[in-house]
1. Sort largest first and round to whole Å: the equivalent ellipsoid semi-axes of the range 65-194, each the square root of five times a Cα gyration tensor eigenvalue.
2. Compute the FRET efficiency between Leu192 and Thr452 as 1/(1 + (r/R0)^6), taking r as their Cβ-Cβ distance and R0 = 22 Å, and round to the nearest 0.05.
3. Under a no-solvent Debye model with one identical scatterer per Cα of the chain, what's log10 I(q)/I(0) at q = 0.07, 0.08, 0.09, 0.10 Å⁻¹?
4. Please identify which residues in the range 46-89 have an amide N closer than 17 Å to a label point set 7 Å out from the Cα of Gln102, following the Cα→Cβ vector.
5. With the other protein chains left in place, how much accessible area per residue, in square angstrom, belongs to the chain at a 1.4 angstrom probe?
6. In whole angstrom, how far apart do the alpha carbon centroids of the range 188-251 and the range 286-341 sit?
7. Per-residue HN-Hα couplings for the range 347-353, Karplus 6.51 cos²θ - 1.76 cosθ + 1.60 at θ = phi - 60°, whole Hz, x for Gly and Pro?
8. Wrap a convex hull around the Cα atoms of the range 320-449, take a quarter of its surface area, and give that in square nanometres.
Amino acid sequence: MFSADTYAKRRFKLKEGLDSGVILFLGNEESAMNYAGNTYHFQQDRTFLYYFGIDIPNMAAIIDVESGEEIIFGYDFQIDDVIWMGPQPTLKELADQVGAPQSAPIEKLSEYINKFKSQNRTIHYLPPYRPEHVIKLRDLLSIDEKTIGEKSSLKLINLIIPQRSVKSNEEIEEMEKAVNVAYNMHTSAMKLTKPGKYEYEISGLIEGVASSGSGGISFPVIFSKNGETLHNHYHGNLLRDGDLVINDSGAETAMYYASDITRTFPVSGKFSQRQKDIYEIVLEAEVKSIEAIKPGVKYRDIHLNAAKIIAGGLKDLGLMKGDIDEAVNKGAHALFFPHGLGHMLGLDVHDMENLGENLVGYTDETKRSEQFGLAYLRFGKELQSGYVITVEPGLYFIPALIDIWQKENKFADFINYEKVRDYIGFGGVRIEDDVLVTETGSRVLGKPIPKTVAEVENCCN
Ligand code: GLY
Ligand code: MN
């Protein structure tokens, strides 16, 4: 937990942005896996965590913007809980730790809400992403559950996003810790992958390294020799000499700050010439994108430049042809690079995605494209110092997509399908780092993780 002052200041800033109404925050509940007492690993709601810092299930909070009152609602543990869970802080102690002046039993929440309702006060709340919250909001606010999302407070969302987007030094330190755990996850995977092992032997290890770093994984591990499937969570393949594997995995710290790193490496420890050719293209796109990051630059422009580097590299290899600027403007490169260059990172691995991806990554002036490929770019707007963003270009040979495009003869002026077919079975390459936008440029967070061909081969061996 940060200091009480950090949380009090965050709430103060939020209150300053609204001149009336009440803000309702819901913490998360435990979620049953196969029976009520056997739960998934608890994940606190990140906005609750950002403003109230407490990592305990079944809590809520309200801020009365007009009176300035702040109340944390929760549960005072009883002796039965202590027997099973050990000594627990009281609700009052928890509230004190985060600088909140008042606390009350969770059962009282509806009384407070009813009072606000009877006074016709506006109750600002965030769009729910858990069914339990839909039910809670429906019951507390007497709103039809189908309209709960649309009645959430855009005003509140638009205050939270800019505040959470700019990371403070103490947040950056946490994120740096998360990247350093990812360093161990990625270098361990490189060292322990060998022909004859199954993917799950390595993905399990990656997950264990994350857990040994104080938090756990920040999203389910993507570790696959079929790296052309962007989010491949199947780990049952036998790894053989000649395979290339993608490891897209990150850690979260005990305070839930996330890292998200991708490396691609040869199972044998040595890239073939063909693998190296593709790898170097992606590496150039990644490094040049990081170099281009600075305040005021639109991330969409950096994405498009990365796409041009990829298309240019493929042209040099004979897989693409024609004018590269035109190919990228029309979206022909998306056969090979069908996703966005990156996303915001913070308490969530896709930071604040629950508040609305377009509200986080786009503005009225920079709107999201509908073009295939570019439409998947989660973040396109101007960068600001204090943002942390992932940079993750990739190059893939997706058999089903190649078949469809070739049948349609799509972008035949730019794609040399005969040559592309030779690469079916290649898999994919993605390289990803977590980058802080500084006042003047950018800084890659954490200990440098092997990335050049030589560094990767060295680590694998
Ligand atoms: N690391 C997974 C993603 O960015 O979606
Ligand atoms: Mn990512």
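The values are calculated or read from the model by the stated rules, or taken from the named source; none is laboratory data. The structure presented is a predicted model; accordingly, all values stated were derived computationally and were not measured. Note: ideal-geometry Cβ built from the backbone for every residue, glycine included; neighbour counts use all protein chains shown. We work out accessible area using only protein heavy atoms, side chains counted, and drop any ligands, DNA or RNA first. Shrake-Rupley method; radii C 1.70, N 1.55, O 1.52, S 1.80 Å.
1. Details: eigenvalues 243, 112, 64 Å².
Rounded to whole Å, the semi-axes are 35, 24, 18.
2. Details: r = 21 Å, r/R0 = 0.94.
FRET efficiency, Leu192 to Thr452: 0.60.
3. For the requested q values the scattering log ratios are -0.41, -0.52, -0.66, -0.79.
4. 60-75
5. Numbers: 19630 Å² over 461 residues.
Value for the chain: 43 Å² per residue.
6. Taking the Cα centre of the range 286-341 as reference, the centre of the range 188-251 is 27 Å away.
7. Computed from phi, the couplings for the range 347-353 are 5, 9, 5, 9, 4, 6, 4 Hz.
8. Numbers: hull surface 39.7 nm².
Computing the convex hull of the Cα atoms and averaging its projections yields 9.9 nm².
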